[in-house]
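Dumping the structure here so I can ask a few things about it.
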Amino acid sequence: MIGIAYALIALIILILVPWVGIQGLGLTYLFGVIIPYAAMAIFFFGVLQRLLKWSRIPNPFKIPTTGGQQKSLNWIRQSKFDNPSSTGQVIGRVLSEVFLFRSLFRNLSPRVGTQGTSVTYASAKWLWIFAILFHYAMFTTVFRHLRFFTNPVPWPVGFVEGFDGWLEVGIPQVMISGLVLLCAVCLLLARRLVIPRLRYISLMNDFFPLFLLIAIATTGALMRYIVGINVPSVKELVMGLVSFRPVMIEGIGLLFYIHIFLVSTLLAYFPFSKLMHAGGIFFSPTRSMANDNRAVHHDNPWNYTVKFHTYDAFEEEFRDKMTEAGIPLDDTLSSSTGKD
Ligand code: HEM
């Protein structure tokens, strides 16, 4: 439980820093321009560096995880998703993982029978449901935020916003994705707190991103539904940032600076955290390799190039010495036995 305490303390500090910085010291340029730029740079170069590093790691063996019939004789039906044998099938498998979290859907959880003698495996879909809700809600919320970063706002952003607010309640309109995001992250956190064996293995780095996301979604919701925010001023500030002509706008509430500081922290933390699974999935050899071991030779990239010295070359090199010592030569043997 020490991990959760550290994560909570870190979050409190992360909220207090912009609070003191803006309210007490008036450092709007630091929190509105310098820190967001620095966070973007760390995010961009950090992610790039990790992806490049992963892309250079050789795969000595073909190790796809298989869970179905391998490609075999024509009349035996192959399981193309669970045992892909071509690049196309691998792409299908990875995409189903990225968009549908397919392996998580197939997740099973073991249960010990009432007598304690038998173990059964039952379908466990809760984690899949929370994960799907969280990731799609997060994507939709971030996508909707493009209205701050673009001028004119592209029509898909307006379309998603209209779709997201289909309940048509509240002023400003309630956006479902923002609330689903908050609920889903809370459920993911509750899962770690309520299930004893999960609590046991959870570390600070498991709790911290969840706390950070809860705080980001909460400050966002407070701005939208309770405290209110000067949206045109936010847009002016953000447009200045994206056009690399930063301008300082007065009169944007403290809550916005806390929101943006937490987002900056998330961005800077991303490349060094487990959140990099977003890019790691594409470099996971158990998912991204085809199971074609028997059909295609896989060169182990770790093998150094072997300089062969064939027997023919050896014989050629030592012909005189071998003849002198009376050692039979292969070519004379083959001509005398009539072998070619
Ligand atoms: C990881 C990235 C981010 C997440 C997860 C996030 C999340 C949220 C959420 C859940 C809301 C509540 C309202 C809604 O559902 O739209 C919100 C509102 C808001 N966010 Fe973010 N946000 C992120 C990044 C940013 C950035 C980079 C900005 C800078 C412009 C920003 C500015 C705002 C503002 C101004 C609001 C209030 C919107 C309104 O009043 O309509 N957010 N955010």
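The values are calculated or read from the model by the stated rules, or taken from the named source; none is laboratory data. Computed from a predicted structure; not experimentally measured. Positions of Cβ are backbone-derived with ideal geometry, glycine not excepted, and every protein chain shown enters the neighbour counts. Surface accessibility is based on the protein's heavy atoms, side chains included, excluding ligands, DNA and RNA. Shrake-Rupley method; radii C 1.70, N 1.55, O 1.52, S 1.80 Å.
Taking a ≥ b ≥ c as the square roots of the Cα gyration tensor eigenvalues, with a/c under 1.5 meaning rounded and otherwise prolate when a/b beats b/c, else oblate, which class fits region 67-136? Don't jump to the answer; show the numbers that get you there.
Numbers: a/c = 4.93, a/b = 1.35, b/c = 3.65.
Here region 67-136 falls in the oblate category.
Stretch residue 242-residue 167 to full length: gain in nm at 0.36 nm per residue minus the Cα-Cα span?
Numbers: separation 75, 0.36 × 75 = 27.00 nm, distance 3.21 nm.
Here the segment from residue 242 to residue 167 would lengthen by 23.8 nm.
Taking 2.2 N^0.38 Å as the expected size of a compact globular protein, what ratio does the Cα radius of gyration of region 1-113 give against it, to two decimals?
Numbers: Rg = 23.9 Å, N = 113, 2.2 N^0.38 = 13.3 Å.
Compared with the compact-globule rule of thumb, region 1-113 sits at 1.80.
Could I ask something else about it? Using only Cα atoms, what is the ratio of the radius of gyration of the chain to 2.2 N^0.38 Å? Mind dumping the intermediate values first?
Values: Rg = 30.0 Å, N = 340, 2.2 N^0.38 = 20.2 Å.
Relative to the rule-of-thumb radius for its length, the chain sits at 1.49.
With the convex hull built on the Cα atoms of region 162-263, state its orientation-averaged projected area in nm². List each step's numbers first, then the result.
Details: hull surface 34.0 nm².
Averaging across all directions leaves 8.5 nm² for the Cα convex hull.
Keeping every protein chain present and rolling a 1.4 Å probe, give me the accessible area per residue for the chain in Å². Show your work: numbers first, answer last.
Values: 21760 Å² over 340 residues.
Result: 64 Å² of accessible area for each residue.
Next question. Using a 10 Å cut-off on Cβ atoms, rank the peptides 293-300, 268-275 from the highest mean neighbour count down. Kindly include the intermediate steps, with their values, before the conclusion.
On the way: 293-300: 10.5, 268-275: 16.6.
In descending order of packing, they fall as 268-275, 293-300.
With all protein chains present, how much of the accessible area of the chain (probe radius 1.4 Å) comes from carbon and sulfur, to the nearest whole percent?
Values: 14720 of 21760 Å².
Result for the chain: 68 percent of the exposed heavy-atom area is carbon or sulfur.
Under a point spin-label approximation (7 Å from Cα along Cα-to-Cβ), what is the residue 176-residue 123 distance to one decimal in nm?
Taking the simple label geometry, residue 176 and residue 123 are separated by 2.3 nm.
If you don't mind, there's one more thing I want to ask. Would you mind getting me the FRET efficiency between residue 153 and residue 81? Use the beta-carbon distance for r and R0 = 35 Å, nearest 0.05.
On the way: r = 38 Å, r/R0 = 1.10.
According to the calculation, E is roughly 0.35.
Next question. Under a crude label model (7 Å from the Cα following the beta-carbon direction), how far is residue 10 from residue 106 in nanometres?
3.3 nm
Please report the projected area of region 29-94's Cα convex hull averaged over all directions, in nm².
On the way: hull surface 27.7 nm².
It is 6.9 nm².
With +1 on each Lys and Arg Cβ and -1 on each Asp and Glu Cβ, and nothing else charged, work out how big the dipole of the chain is about its Cα centre, in Debye to the nearest 20. Display every interim value, and only then the final one.
On the way: 28 positive and 19 negative charges, 291 e Å.
Computed about the Cα centre, the dipole is about 1400 debye.
Something else: Which order do the peptides 104-113, 223-232 come out in when sorted by mean C-beta neighbours inside 10 angstrom, highest first?
Values: 104-113: 12.2, 223-232: 14.1.
Packing proxy ranking, top to bottom: 223-232, 104-113.
Still on this structure: Calculate, in nm to one decimal, what residue 191 and residue 303 gain on full extension: separation in residues at 0.36 nm each, minus their alpha carbon distance. Could you put the intermediate results ahead of the total?
On the way: separation 112, 0.36 × 112 = 40.32 nm, distance 4.51 nm.
35.8 nm is the gain from fully extending residue 191 to residue 303.
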